Amino acid sequence: MSQAPGPDTFAFPKGFLWGAATAAHQIEGSPLADGAGPSIWTRFAHTPGMMLNGDTGDVACDHYNRWKDDVKLMRELGLQAYRFSVSWSRILPEGTGRVNQKGLDFYSRLVDELLNNGIEPLLTLYHWDLPAALDDRGGWLNRDIADWFAEYAGVMYRELDGRVKKWVTLNEPWVVTDGGYLHGALAPGHRSKFEAPIASHNLMRAHGAAVKAYRELGRHEIGLVVNIEPKYPATDSSDDAAAVRRAHAYMNEQYLHPALLGHYPPELKEIFGNAWPEWPAEDYELIQQKLDFVGINYYTRSVTKAAESYPLNTGVVRQPLGTYTETGWEVFPQGLTDLLVWFKQTYGDLPVYITENGAAFFDPPTAMVDDDGKRRVKDPLRTDYLRKHLRAIHDAIDAGVDVRGYMLWSLLDNLEWSLGYSKRFGMIHVNYGTQERTPKDSALWYSRVIQSHGRSL
Ligand code: LGS
């Protein structure tokens, strides 16, 4: 029989960092303001047919103008950390070369405001918005991108390393290649089995080059953020076991293996066949740099079976008794414990941050006004999701995994990439007609969790 949780059951380790996350293109708006160059996402969103309902990031949450108010909201909720990303083409409008001081100033002011409010910044250098000028030169398919990325990273380190102490090179390289180069639902919208491995490999070379540059120019911590989705077999057949192996290698090991172990999992060759190239030995040396932490984004698991699909030959089995979010992802908190334990067993005792976790559930476009005249958004499903996942993290910590913090996805409702504004992940509701922000009930709940350092879970 399981015991009812007592007051200290969910106390988190000292120093555990509670925060929330966003990404530049999803919240900022004003993509061309103050001399910024276009990114592939600005271009993609303006290509007819690519975005649900024709939505674009032109206004988004107008965070580019409302950043000060947004930091105030963070402080009011008691956040200790804020993970955000920098838009490369605000800093280097052509991707390399000329630095746009006004772009740098925007992030510099944001960081100062965070620090003045006692909020620790976690800065992601690349959250998918490649400068369009670099896409015109081949983007992630061009080997030179490792140098381009290190150049941009260097500009940021020089400007902010005194004030930013936690840096992330890339957010979810798997999504960049699977969505951007293999299946085409995300920018730059390519569909090629031959391009995807090249883009993946260059992402990892760029990651390595940026970490290497950090060791020369920075003095704090740097890591990589990956999305991990544990794979469970649909049946105990050997075909399904092989499908799980392929899906796991493709999604969960493709980036962590080279970054931390210095090689790719052998299944990639099996999946991509002759589209998987042999890489020069020195590439692996560049990719495998010492990291200070790994960031893990977790949303769901998949129950996997062997099935005809391109190029993995796997399928996902919907669970008849499962709970699903608005994006159709199964709610499965145990998967987060399992993956953290797997991470420790596979890669050792590296510190881990949960850099994203959260859920889209239906919230109305306008907050309701309660009897007491206050605006409110009741979102019990999100609170339930968050509570269960935080408990799952606690279980992993009990099992010995060194988890250092939790960044809820997301601070604000925002542009969910090609799904536009149709999916709301925020703990703060955004009325896109008025830009009015309303902390949802889940945000008020999270605020109490932070205050009690997890005890109120
Ligand atoms: O907004 C993105 C969030 C939302 O859900 C964020 O920018 C990304 O970093 C991250 O990919 N995000 C995200 N990922 C969940 C992916 C789950 C895919 C499940 C597919 C099952 C069929």
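Every number here is computed from the coordinates shown, using simple stated rules; none is lab data. Every value quoted in this text rests on a predicted model; they were computed, and no experiment measured them. Note that we place each Cβ from the backbone using ideal geometry, even for glycine, and neighbour counts take in every protein chain shown.
Restricting attention to the stretch 328-349, and to residues there that are assigned to a loop (DSSP other than H, G, I, E, B) and surrounded by 16 or more Cβ atoms within 10 Å (Cβ to Cβ), which single residue is nearest to the chain's Cα centre (by Cα)?
Trp329
For the stretch 127-145, which residues satisfy the criterion of being surrounded by fewer than 23 Cβ atoms within 10 Å (Cβ to Cβ) and assigned to a loop (DSSP other than H, G, I, E, B)?
Asp136, Arg137, Gly138, Asn142, Arg143, Asp144
Do we find that Gly405 is away from the ligand (no atom under 14 Å from the Cβ) and either among the aromatic types (Phe, Trp, Tyr) or surrounded by fewer than 16 Cβ atoms within 10 Å (Cβ to Cβ) (or both) in this structure?
It is false that Gly405 is away from the ligand (no atom under 14 Å from the Cβ) and either among the aromatic types (Phe, Trp, Tyr) or surrounded by fewer than 16 Cβ atoms within 10 Å (Cβ to Cβ) (or both).
Looking only at the stretch 350-391, count every residue that is under 30 Å from Leu261 (Cβ atoms), more than 16 Å from the ligand (Cβ to nearest atom) and assigned to a helix (DSSP H, G or I) and tell me the total.
Residues flagged as under 30 Å from Leu261 (Cβ atoms), more than 16 Å from the ligand (Cβ to nearest atom) and assigned to a helix (DSSP H, G or I) within the stretch 350-391 amount to 1.
Name every residue in the stretch 88-126 that is assigned to a loop (DSSP other than H, G, I, E, B), in contact (Cβ under 8 Å) with a residue 60 or more places away in the chain and not hydrophobic (A, V, I, L, M, F, W, C), in order of residue number.
Of everything in the stretch 88-126, just one residue is assigned to a loop (DSSP other than H, G, I, E, B), in contact (Cβ under 8 Å) with a residue 60 or more places away in the chain and not hydrophobic (A, V, I, L, M, F, W, C), namely Asn100.
How many residues are away from the ligand (no atom under 16 Å from the Cβ) and not in a loop (DSSP other than H, G, I, E, B) when one looks only at the stretch 216-243?
Residues in the stretch 216-243 being away from the ligand (no atom under 16 Å from the Cβ) and not in a loop (DSSP other than H, G, I, E, B): 10 in total.
Somewhere in the stretch 197-204, is a residue more than 28 Å from Asp112 (Cβ to Cβ), part of a loop (DSSP other than H, G, I, E, B) and either within 16 Å of the ligand (Cβ to nearest atom) or of a type in the set (A, V, I, L, M, F, W, C) (or both)?
no
Output the number of residues of the stretch 150-181 satisfying the condition of being in a loop (DSSP other than H, G, I, E, B) and surrounded by 21 or more Cβ atoms within 10 Å (Cβ to Cβ).
2
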